[in-house]
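Student: What follows is a structure written as structure tokens; I'll ask about it next.
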Amino acid sequence: MSDKGSIYRISGPVVTVTGIDAKMYDVVRVGDEGLMGEVIELHGEKAVIQVYEDTSGIRPGESVINTGDTLSVVLGPGLLTQIYDGIQRPLKVLEEKMGVFITRGVDADGIDMEKIWEFKPVVAVGDEVSSGQVIGTVQETETIEHRVMVPLGKGGVVKEIKGGEFNVTEIICTLEDGSELAMLQRWPVRSPRPYIQKYAPDTPLVTGQRILDFLFPLAKGGTAGIPGPFGSGKTVIQQQLAKWSDAQIVVYIGCGERGNEMTEVLTEFPKLIDPNSGKPLMNRTVMIANTSNMPVAAREASVYTGVTIAEYYRDMGYDVALMADSTSRWAEAMREISSRLEEMPGEEGYPAYLSSRLAEFYERAGRVETLSGADGSISIIGAVSPPGGDISEPVSQGTLRIVKVFWGLDAGLARQRHFPAIAWLSSYSLYPATLDQWYRDNVATDFPEVRTKISSLLQVESELQEIVQLVGSDALPIDQQLTLEVARMIREYFLQQNAFHDVDTYSNLDLQYKMAAAILSFQENAKLAIDAGAMLEDVVNVPARTDLLRGRFEEGYGERIDELVANMNKQIADAAGAEN
Amino acid sequence: MSGKEYRTITDVKGPLVFLNKTDPVAYGEIVSLRLSDGSIKNGQVLDTSDDMVVVQVFEGTAGIDRKTGIQFMGDVFKLPVSKDLIGRILTGAGKPRDGGPEIIGEFNADIIGAAINPYSRESPEVFIQTGISAIDCCTTLVRGQKLPIFSASGLPHNDIALQIARQAKLIDSDEQFIVVFCAMGITAEEYNYFRHDLERTGALENAVLFVNLADDPAVERLITPRLALTTAEFLAFEHDYHVLVIYTDMTNYCDSLRQIGAAREEVPGRRGYPGYMYTDLAMLYERAGIVKGKKGSITQFPILTMPGDDITHPIPDLSGYITEGQIVISRELHQKGIYPPINILPSLSRLMNAGIGDGKTREDHKSVSDQLYAAYAQGRELRGLVAIVGEDALNERDLQLLKFSDIFEDTYLRQDRDEDRSITQTLDMAWDILTNIDTKYLVRLDQKWIDKYHPTDKK
């Protein structure tokens, strides 16, 4: 046995090797072209390898070399604004090396090893430092300060530390025990990075999407699942979150999805301005794009690559949001590899370990006390693409058992072009209870009560709709007809939000609250007017109400909304007056 | 390597041949099988090891026995590509079918095709006018998109595909599309229909046809679309053509995939289709697009028939997850006598927003399309209600919406097979039919567009 073996069998991305001395998850180089692979099974003398590149043309007998490393990512300044494939090769470098088509056998460093950064130490000679502690900073992008940390397993008294211009591999700090530290670190992607403890989330991840923030909020450090059939808007929601959520770092994993969609993200993001910092959004973003026709084994790895990078920024004390679109494609990659291994399948051909892999992945989310004592978080939002939109399938079910927020997408709503097509009756969030105090302190003291009123109106509407289906809306008493109008207003004015409209695409929490309050105000005033004898039709059709509804597409709506509501209420009162 | 002939077949099962005691054979290598009657079949290596090689035979295994000689060709499947392919009709395995000469390639291209680096793609955003209102206004096609037609048996999807192939153009350019047509398991009758139409309109001169008919070997179907796409890539990225790839019928392709899976005794996924069908389909569909630094483009129109009209069936379902939208053909509209019977509600073009608006189609396009969708969806819902409670129970707004949905189907969707509407006509017609609804109910329309375009409420 040695670190070199030879190929015995090739079946798609799965290659069997004999005569190699390998540990599980060792990274190996396969064949004459040195394709990257990973050991996933051992059978006596034979090692089974999943290969991250296309295996056509490889023959039995070609050699395989064990690198002895496990699948790792490189961590350091230069990660932000990058676009990687599933195994952290920058797509831009791949283009330079092999042109527009991705061929194989090409290596590329995850970060630029030559680029010079301005390193500023924050500890001094003689200070005692420990694993995970910040020893200095680098301005990585305009908005993000990269905090260089002591790698895991290192620690001691600082013997020498240098400020100034360095590339990531140069030694910037020496410890008394002789350890030399550079800005560059490596971390095996399949192992979660350690932290001191997990806290309960208590701050919302504000996304600017009304239905999400207002009715089904996600906490910083929380987990959410978005299952939905094709065409229901999963990807648009994921992209909206990547654009507008108030996380400091965004990791976006395009896992087994469309090439053109990734290109759209790649061309659009650099142009978008972060509403919180006023700088390009790309400054805080790392993207991983392993499209559906790129090798499945790399798709399997892409999710781990992404979450490891997210953990690294969490450890610096940042709030990180990670979007995975779509986890179903990840699960399918597992299924494909599992079936090539001829493993005994679980449900629908997925491997029996599917749900534990899903759970392990989502468990890497959370708000934590980092090793350096800072407070950082990872929020994970996973899209799920259930076959036929039926969420009784294993990936959806495995996800729903773990996540705390369920944003269920509905094909019927999408067909009516009600976007975001989130079904308001079946979706849920388990976070409001822990977040309510934050809303009271930061938005409005009666925020939770307004939310409850809005959601109960939607509930009442669905009950009334059942009657309407049988007898028509004219047969309902007038107060119930009003309720239907109010619910329609909630749906069309508040829940619907146009992601492609410059203004409507983002609503801050204050505006969300005012819009919800405007609806309740309409309900209250309309009721008074109708009690005073006004016709429902006249109340609903006052021109100022149309102004209020249409106004949300105009700049400065937040400042004008109070006035628009007052106008509407006045005209409604006048409508009642005119009747008498 | 090549030259040596093996007679070591151990098993033959369905389209697969198993043999042992070979020199090392490459994964994906092309195989030539010489039968005892002297005829030649071709195949490809699906699994290879020191002890055993599995070969998938494209022409089926009829006539193969243990004495059949097997030769490994030392290379993966390649297609000779050349501009001379334009105007030719080839078999599903890439051999001339029109009696013309063999193709002499500029070079031999690997038919599997490498993935386009997402970083090297260019966003598709050039509007293609198909002249069909339902598509141009509501599910707009852009160059470089893959937009399948989800149809079912007995519906006029072929007519729609042909109409698109005939009429597709860019608004301010007279660049022509080259059509690459890929037939998989369709009947000779359907094929003749396509060919005659292409001949009639002169489009055949600007087309390449790959034809695998229903009685051709099922396994060959697995390579036919790859040959078509390899040709498309060559024409688009080596010779700057804008290529429209039409393939029909994807359902037959997927059934062949299932057949191979079953013969290999793989663990089946939903409804017996292999678990890797998503990836396999992606390897075809993802070969659409535009890349940086190249002038040409590939736009794909796969046609698939949904078994039992079921959109949740694995074939349309997995396709829908990969393609950039879908055009859904409705049996209900077809039975009402409406052509093209496109149901816009489940139809969608994901790239539409990039291809419409000021400077591309018209500034009001998005608003108009949203409003048509919303009004038609509500109108159709009301039809169900009216069936139960009658029109008397409806209020004014609902009555207008109900009427609108009929007018929409009757005048807007309906058009002749050779009626080519410009985008301006399409949008103006939309405003015309929207006059049947009171302006105050048109909440999806920006006020400024109403002021500018509404035929009666214009300011």
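Student: For the interface of A with B, what's the total buried accessible surface in square angstrom, probe 1.4 angstrom, rounded to the nearest hundred? Kindly include the intermediate steps, with their values, before the conclusion.
Tutor: On the way: alone 23930 and 19350 Å², together 36620 Å².
What A and B bury together is about 6700 Å².
Student: Per 10 Å bin, what percent of the C-alpha pairs of the protein assembly as shown does each bin hold, from zero upward?
Tutor: 2, 10, 19, 22, 20, 14, 8, 4, 1, 0, 0
Student: Still on this model: 222 nm [θ] for the protein assembly as shown, helices only, -39500 (n - 2.57) per DSSP H run of 4+, per residue, to 500? Spell out each step's value before the answer.
Tutor: Working: 27 runs with 329 residues, N = 1039.
Result for the protein assembly as shown, helices only: -10000 deg cm²/dmol.
Student: On the protein heavy atoms, probe 1.4 angstrom, tell me the percent of accessible surface of the protein assembly as shown carried by carbon and sulfur. Mind showing how you got there, number by number?
Tutor: Working: 17730 of 36620 Å².
Of all accessible area on the protein assembly as shown, carbon and sulfur atoms account for 48 percent.
Student: Same structure, new question: As a test question: what accessible area, to the nearest 10 Å², does B:Leu257 have when a 1.4 Å probe is rolled over all protein chains in place?
Tutor: The accessible area of B:Leu257 comes to roughly 10 Å².
Student: Taking +1 at the Cβ of each Lys and Arg and -1 at the Cβ of each Asp and Glu, which of B:Asn343, B:Ile388, B:Ile437 sits farthest along the dipole of the range B:306-459 towards its positive end, judged by Cα position relative to the Cα centre?
Tutor: Of the options given, the answer is B:Ile437.
Student: I would also like to ask the following. A drop of at least 50 square angstrom in accessible area, chain alone versus all protein chains together, probe 1.4 Å. Which residues of the range B:343-388 meet that?
Tutor: In the range B:343-388, residues shielded by partner chains: B:Arg350, B:Leu385.
Student: Here's another thing I want to ask about it. To the nearest 0.05, how large is the calculated FRET efficiency for A:Ile196 and A:Asn508 if R₀ is 25 Å and r is the Cβ-Cβ distance?
Tutor: Values: r = 33 Å, r/R0 = 1.34.
In this case the efficiency is close to 0.15.
Student: Now for a separate question. May I ask for the Kirkwood hydrodynamic radius of the range A:420-517, worked out over all distinct Cα pairs and given in angstroms to one decimal? Write out the running numbers ahead of the final one.
Tutor: Values: mean 1/r = 0.0660 Å⁻¹.
Over the range A:420-517, the inverse of the mean reciprocal pair distance is 15.1 Å.
Student: Still on this structure, please answer the following. Straight-line reach from A:Lys159: which lysines fall under 21 Å, measuring Cα to Cα and dropping same-chain residues less than 8 apart?
Tutor: A:Lys120
Student: Which positions within the range A:266-313 get 40 Å² or more of their accessible surface covered by the other protein chains, compared to the chain by itself, with a 1.4 angstrom probe?
Tutor: A:Ser292, A:Asn293
Student: Moving to a separate point now. Would you mind checking the pairs B:Lys83/B:Lys146; A:Lys4/A:Lys115; A:Lys234/B:Lys360; B:Lys83/B:Lys294; A:Lys527/B:Lys440; A:Lys115/A:Lys198 and listing those with alpha carbons more than 25 angstrom apart? Could you put the intermediate results ahead of the total?
Tutor: Numbers: B:Lys83/B:Lys146 23 Å; A:Lys4/A:Lys115 34 Å; A:Lys234/B:Lys360 27 Å; B:Lys83/B:Lys294 17 Å; A:Lys527/B:Lys440 22 Å; A:Lys115/A:Lys198 35 Å.
Result: A:Lys4/A:Lys115; A:Lys234/B:Lys360; A:Lys115/A:Lys198 exceed 25 Å.
Student: How do A:Val471, A:Val138 stack up against each other in accessible area, from largest to smallest, with a 1.4 angstrom probe?
Tutor: My answer, sorted largest first, is A:Val471, A:Val138.
Student: Here is a further query. Keeping all protein chains in place, calculate the accessible area per residue for the range A:368-422 (probe 1.4 angstrom), answer in Å². Can you show the working numbers first?
Tutor: Values: 1490 Å² over 55 residues.
Heavy-atom SASA per residue in the range A:368-422 reads 27 Å².
Student: Next question. Positive end of the dipole of the protein assembly as shown, charges at C-beta (+1 Lys, Arg; -1 Asp, Glu), about the Cα centre: which of B:Phe210, B:Ile64, B:Pro15 has its Cα farthest in that direction?
Tutor: Farthest towards the positive pole: B:Ile64.
Student: Name the lysines eligible as straight-distance cross-link partners of B:Lys21: C-alpha to C-alpha under 23 Å, and not fewer than 8 places from it in the same chain.
Tutor: Here the lysines satisfying the reach criterion relative to B:Lys21 are A:Lys46, B:Lys4, B:Lys13, B:Lys41, B:Lys67.
Student: Order the following by accessible area, largest value first: A:Ser396, A:Ser130. Probe radius 1.4 Å; ligands, DNA and RNA are ignored. It would help to have the intermediate numbers written out before the result.
Tutor: On the way: A:Ser396 0, A:Ser130 60 Å².
So the residues, ranked largest to smallest area, are A:Ser130, A:Ser396.
Student: For the range B:294-407, what does the accessible surface come to per residue with a 1.4 Å probe? Please give it in Å².
Tutor: Values: 3540 Å² over 114 residues.
For the range B:294-407, the solvent-accessible area averages 31 Å² per residue.
Student: Please give, to one decimal in nm, the separation of the simple spin-label points placed at B:Ile104 and A:Ser130, each 7 Å out from Cα toward the Cβ.
Tutor: Here the modelled spin labels are 7.8 nm apart.
Student: Additional query: Just to verify a number: what accessible area does A:Leu215 come out at with the full protein assembly present, 1.4 Å probe, Å² rounded to tens?
Tutor: The accessible area comes out at roughly 20 Å².
Student: Let me ask something else. Would you mind getting the accessible area per residue of the range B:14-95, heavy atoms of the protein chains only, 1.4 Å probe, in Å²? List each step's numbers first, then the result.
Tutor: On the way: 2980 Å² over 82 residues.
Ligands and nucleic acids excluded, the result is 36 Å² per residue.
Student: Give me a comma-separated list of calculated 3J(HN,Hα) values for the range A:88-96, in order, Karplus coefficients 6.51, -1.76, 1.60 applied at θ = phi - 60°, integers in Hz, x for any Gly or Pro.
Tutor: 6, 9, x, 5, 5, 5, 4, 5, 4
Student: Sticking with this one: Among A:Ser372, A:Ile572, A:Phe216, whose Cα projects farthest towards the positive end of the dipole of chain A, with charges put on the beta-carbon of Lys, Arg (+1) and Asp, Glu (-1)?
Tutor: Toward the positive end, the furthest listed residue is A:Ser372.
Student: Oh, and also: Using R₀ = 22 Å, calculate the FRET efficiency as 1/(1 + (r/R₀)^6) where r is the Cβ-Cβ separation of B:Arg271 and B:Gln335; round to 0.05.
Tutor: Approximately 0.20, to the nearest 0.05.
Student: While we're on this one: So if we plug the beta-carbon distance of A:Met535 and B:Ser422 into 1/(1 + (r/R0)^6) with R0 = 41 Å, what FRET efficiency do we get, rounded to 0.05? Intermediate values should be presented prior to the final figure.
Tutor: On the way: r = 45 Å, r/R0 = 1.09.
Between A:Met535 and B:Ser422 the formula returns 0.35.
Student: While we're here: Largest first, what is the accessible-area ranking of B:Asp446, A:Asp69 with a 1.4 Å probe?
Tutor: Details: B:Asp446 35, A:Asp69 95 Å².
Result of the area sort, largest leading: A:Asp69, B:Asp446.
Student: Please give, to one decimal in nm, the separation of the simple spin-label points placed at A:Leu520 and A:Gln465, each 7 Å out from Cα toward the Cβ.
Tutor: Reported label-point gap for A:Leu520 and A:Gln465 is 2.3 nm.
Student: With +1 on each Lys and Arg Cβ and -1 on each Asp and Glu Cβ, and nothing else charged, work out how big the dipole of the range B:7-62 is about its Cα centre, in Debye to the nearest 20. Numbers along the way, then the final one.
Tutor: Details: 5 positive and 8 negative charges, 40 e Å.
I would put it at about 200 debye.
Student: Express the C-alpha Rg of chain B as a ratio against the empirical globular expectation 2.2 N^0.38 Å, rounded to two decimals.
Tutor: Numbers: Rg = 24.9 Å, N = 459, 2.2 N^0.38 = 22.6 Å.
This ratio for chain B stands at 1.10.
Student: Per-residue mean of other chain beta-carbon atoms within 10 angstrom of the beta-carbon, peptide B:264-275?
Tutor: On the way: counts 1, 1, 4, 11, 4, 9, 5, 1, 0, 0, 3, 12.
Mean shielding count: 4.
Student: Under 19 Å Cα-Cα from A:Lys514, which lysines qualify once same-chain neighbours fewer than 8 residues away are excluded?
Tutor: Answer for A:Lys514, where 19 Å is the Cα cut-off: A:Lys453, A:Lys570, listed by chain and number.
Student: Give, as a single signed number, the net charge of other residues whose beta carbon lies under 12 Å from the beta carbon of B:Glu396, with Lys and Arg counted +1 and Asp and Glu -1. The partial results should precede the final answer.
Tutor: Numbers: positive: B:Arg397, B:Lys403, B:Lys440; negative: A:Asp474, A:Glu537, B:Glu391, B:Asp398, B:Asp438.
That sum, taken over residues with Cβ under 12 Å, equals -2.
Student: I've got another one for you. Going 7 Å from the Cα of B:Asp392 in the Cα-to-Cβ direction, what parts of the range A:444-483 have a backbone nitrogen less than 15 Å from that spot?
Tutor: Zone members listed by number: A:471-476.
Student: Moving to a separate point now. What distance in nm separates the two pseudo spin-label positions at B:Glu381 and A:Thr546, each 7 Å out from Cα along the beta-carbon direction?
Tutor: Each label point lies 7 Å from its Cα, and together they span 2.2 nm.
Student: Hey, another quick one. Only counting protein heavy atoms at a 1.4 Å probe, give the residues of the range A:317-342, ordered by number, whose accessible area falls by 40 Å² or more when the other protein chains are present relative to the chain alone.
Tutor: A:Arg329, A:Arg335, A:Glu336, A:Arg340
The values are calculated or read from the model by the stated rules, or taken from the named source; none is laboratory data. Everything quoted here is computed from the prediction, not taken from an experiment. Cβ: placed from backbone, ideal geometry, glycine included. Neighbour counts: every protein chain shown. Accessible surface is based on the protein model in full, side chains and every heavy atom, while ligands, DNA and RNA are left aside. Shrake-Rupley method; radii C 1.70, N 1.55, O 1.52, S 1.80 Å.
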